[in-house]
Amino acid sequence: NLHPGHKMRLIIKSNNIQRDCVQASPKHYGITCDGCRKTPIEGIRYKCMVCDDYDLCQDCKGRNQHPMHNFTKIDTPRTFPRTRTFPVGLFSPINKVQEMTKKQSQSGNNSSQISHRGVTCDVCEKTPIVGNRYKCAVCADYDLCETCKADGRHPGHKMNLVDENSNKMKKEEAKRGSHSHHDLCNNGKANSGMPRRDMTENKSSKQFSSLNAIKRQIEALTKIEMEKNKKETEQKVESCSTLSTSSSPAVSFPSIPECPVCLEDLKPPLKIFNCRNGHLICSVCKPKVDICTNCREEYTGRATAIEQMLREMFNC
């Protein structure tokens, strides 16, 4: 009977040993810490409630980075469900191409053989336009192909059909015009007896005279505009002088800035200091405060411009 006078309790050891399950810290894949640039963030993720895309890890949040903004605590990373559904809008561009080819095949073999060289469709940027070409009657240079015209593009403007026959007619007219012009020139040369060089000189002189007439018109218009501007400026000066003589407004000085710590006016001969964002503090309160009370930034130096302005206001 060792250890008498004390009550003893029986303890039976079990074969099952309980072990603490050590869970690994969760990882937020695809998210980078904006403080230490660690990716992915392990453990708790802190997301800024003000900025659009700003996240911090546990260590950077403990160092009080990105102050003055509220954060939300995200313990578990986002999990996206794995679905085997096929994307619905994958074949939409393929279907559009098939519809366009069907429309082109239905338009006929004659129109498909026509190709307008050097002309581009201003909607689908197809060059050259194959088939019927539609030219805007209002815009200077705007063309459409058959498919874009069928889709109702460029509404509100009249579109003229330009086919192969119209192109041939225009080419024939241009040829006829050139032949007739050469014939007239040759006839004039034969009748008048003057050489070809004299005729070109006459043309250049006519062009020069037309340019001189245009220059004279421009100079006359500029003179009229200058006179109008002079009259307007003279009227404005007279109105300003009458206003200044009739009623002289009182000069208003800017308000004197105050120190955010002692709430006293920053009058000379006080020395004034400012932070990076331009917030002011007096020289008496600066040794007491390490960081700006408004924006939490460090004080960079003296605000000499404001000191000079206050000296001029107080004439000291």
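The values are calculated or read from the model by the stated rules, or taken from the named source; none is laboratory data. Only a predicted model underlies this, so the values are computations on that prediction, with no experimental measurement involved. Side chains are part of the model used for accessible areas, which takes the heavy atoms of the whole protein and leaves out ligands, DNA and RNA. Shrake-Rupley method; radii C 1.70, N 1.55, O 1.52, S 1.80 Å.
Under 5 Å between amide hydrogens, built in the peptide plane, is the criterion, and for Val119 it picks out Ile129 among residues at least 5 positions away or on other chains.
Rolling a 1.4 Å probe across all protein chains gives Leu263 an accessible area of roughly 120 Å². Remark: the Cys139-Ala220 segment gains 26.0 nm on full extension, using 0.36 nm per residue and subtracting the alpha carbon distance. The figure for Asp59 is an accessible area of roughly 100 square angstrom, using a 1.4 Å probe on the protein chains alone. Sorted largest first by accessible area at a 1.4 angstrom probe radius, with every protein chain in place, the residues Val237, Val289 fall in the order Val237, Val289.
Heavy atoms only, 1.4 Å probe, whole protein assembly: order Ile114, Ile291 by accessible area, highest first.
Details: Ile114 20, Ile291 80 Å².
Order by accessible area, largest first: Ile291, Ile114.
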